[in-house]
1. Rank T61, T20, T39 by mean-square fluctuation in a GNM of the chain with C-alpha springs under 10 angstrom and give only the top-ranked residue.
2. Leaving ligands and nucleic acids out of the surface, order L114, L54, L145, L119 by accessible area at 1.4 Å, largest first.
3. Using a Gaussian network for the chain with springs between C-alpha atoms less than 10 Å apart, which of these wobbles most: E69, E88, E79?
4. Can you tally the lysine pairs in the chain where the Cα-Cα distance is under 28 Å and the two residues are eight or more apart, or on different chains?
5. If you average the C-alpha positions of the range 16-46 and of the range 72-104 separately, how far apart do those two centres end up, in angstrom?
6. What does the accessible area per residue of the range 4-133 come to in Å², with a 1.4 Å probe and no ligands, DNA or RNA counted?
7. Report, to the nearest whole %, how much of the accessible area of the range 35-150 belongs to carbon and sulfur atoms, 1.4 Å probe, protein only.
8. How many nm separate the modelled label positions at V106 and I94, each set 7 Å beyond the Cα in the direction of the Cβ?
Amino acid sequence: MAHANDEITKAVIPAAGLGTRFLPATKATPKEMLPVVDTPAIQYVVEEAVSAGLRDVLVITGRGKGSIENHFDRNRELEDALEAKGDEEGLALIRASSQLADMYYVRQGAAKGLGHAVLCAAEHVGDVPFAVLLGDDLIDRRDPLLRRMI
């Protein structure tokens with residue numbers, strides 16, 4: 001049984017929704033992957049989790065959300081191309097996203113709402129406390145809100 005003083009190390013990010021509030025942009029691109037300047041929104045969410053000490057991140061995905069997994073995975077072909085042209089800055093940027101946290105994914109079979117999406121995390125989180133972060137809620141990184149909430 002989990003206790004209130006247990007250390008929280010897991011984050012759950014539901015990202016399986018249809019993104020209907022952001023149409024037409026989300027017809028082909030998951031809303032979590034829409035850029036805020038030059039970074040996908042979901043990367044800011046994962047960075048917030050990591051800055052609060054949560055390195056075990058489970059993303060609940062759905063149909064058409066493969067780009068989220070790809071974003072946090074290594075892309076050796078791109079890395080090799082950047083390295084060949086001497087683009088150390090670009091190389092560091094793309095490597096950083098794949099080294100942020102231990103990323104896991106579970107697919108929600110049908111869009112049945114936020115509660116069901118969080119329930120899809122049950123096997124991964126087990127009986128320990130965890131934080132739920134929403135993929136379209138961006139918090140100013142100068143305000144460690146999640147850390148204070150934990």
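1. Answer for the Gaussian network model of the chain: T20.
2. Numbers: L114 90, L54 0, L145 55, L119 115 Å².
The ranking, largest first, comes out as L119, L114, L145, L54.
3. Answer for the Gaussian network model of the chain: E88.
4. On the way: K10/K31; K10/K65; K10/K112; K27/K65; K27/K112; K31/K65; K31/K112; K65/K112.
Close lysine pairs found across the chain: 8.
5. Here the answer is 21 Å between Cα centres.
6. Numbers: 7430 Å² over 130 residues.
Ligands and nucleic acids excluded, the result is 57 Å² per residue.
7. Working: 3590 of 7040 Å².
Carbon and sulfur: 51 percent of the exposed surface of the range 35-150.
8. 3.2
The values are calculated or read from the model by the stated rules, or taken from the named source; none is laboratory data. The shown structure was predicted, so the numbers you read here are calculated from the model rather than taken from an experiment. All Cβ positions, even for glycine, are placed from backbone atoms using ideal geometry, and neighbour counts span all protein chains on display. For accessibility, only protein heavy atoms count, side chains too; no ligands or nucleic acids. Shrake-Rupley method; radii C 1.70, N 1.55, O 1.52, S 1.80 Å.
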